[in-house]
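What follows is calculated from the coordinates using simple rules that are stated; it is not laboratory data. Just so it is clear, the structure is predicted and the values come from calculations on it, not from any experiment. Glycine also receives a Cβ, built like all others from the backbone with ideal geometry; neighbour counts cover every protein chain displayed.
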Amino acid sequence: MNRASVFASILLSLVLACGDDDGTSVPIDSGTDASFDAGRDDDGGADDAGSDDAGSDDAGSDDAGTDDAGADDAGSDDAGSDDAGSDDAGSDDAGLGTRDAGPDACHSLDFGADEVALRRVDTLPTMTGGTIPDGVYDAVDYQTTGGTMGAYRGTWNIRSTSAGVGTMDVIQQLTLTGVGPIVPRTMSWTASGTALARTETCPNEGAATNFTYSVVTEGGVTRLLARNNTVLFVLERR
């Protein structure tokens, strides 16, 4: 081979080698690295439109979850037992053992017998009056000719200041559709014929209650019968 041919062969080899370097560079410009230009970080990926921007932090549990509409806003603290529970409608308002004027507001008298159920009868006895002996009387019977049902618990401490005139301490509890409060009262009273009139002096001065009445003594037991229209209270002297 002459020198010209050798030079031409070397030149051709150099040209081919340069062509290989240019061909392998194309995938680097448009290959896997291109995914970071149009991927999640810049255009539509999780970082820009994913959970951080519209996910749980912005519209999730912190904004509309339990903190805003959960137990603290509509739960037990706002409508629970503290607002409508036992303190507001419990035993202290109308339960057994409570008094509407306090035990010492009018007197210290307490009950001497259990409540008696209101019982239905066909007729009530005719009242005959009589002298009312001093003493403490406990309710032992409760009658009506009407249809109302219930119970009564009462104790009357009757004192005379002169014939047919005196004062009395009363504590009573009336149960009809629900258990009523315990009511202590002090009254003045007058008895004439078959009429027994009571006028409250404590706590509601001037309030009046009128009965017809009978005093009945049988077997050494004295009973006061106090009738108000269709209802009869029977109280037994201790």
Residue-count net charge about Asp114 - beta-carbon cut-off 14 Å; Lys, Arg +1, Asp, Glu -1:
-4
Given R₀ = 22 Å, FRET efficiency for Phe111-Ser188 by Cβ-Cβ distance, to 0.05?
0.50
Order of 208-221, 129-142 by packing, highest average Cβ count within 10 Å first?
129-142, 208-221
If packing is taken as the mean number of other Cβ atoms within 10 Å per residue, what is the order of 148-161, 109-122, highest first?
148-161, 109-122
Volume per residue (Å³) of the convex hull spanned by the alpha carbons of segment 114-201 is 104
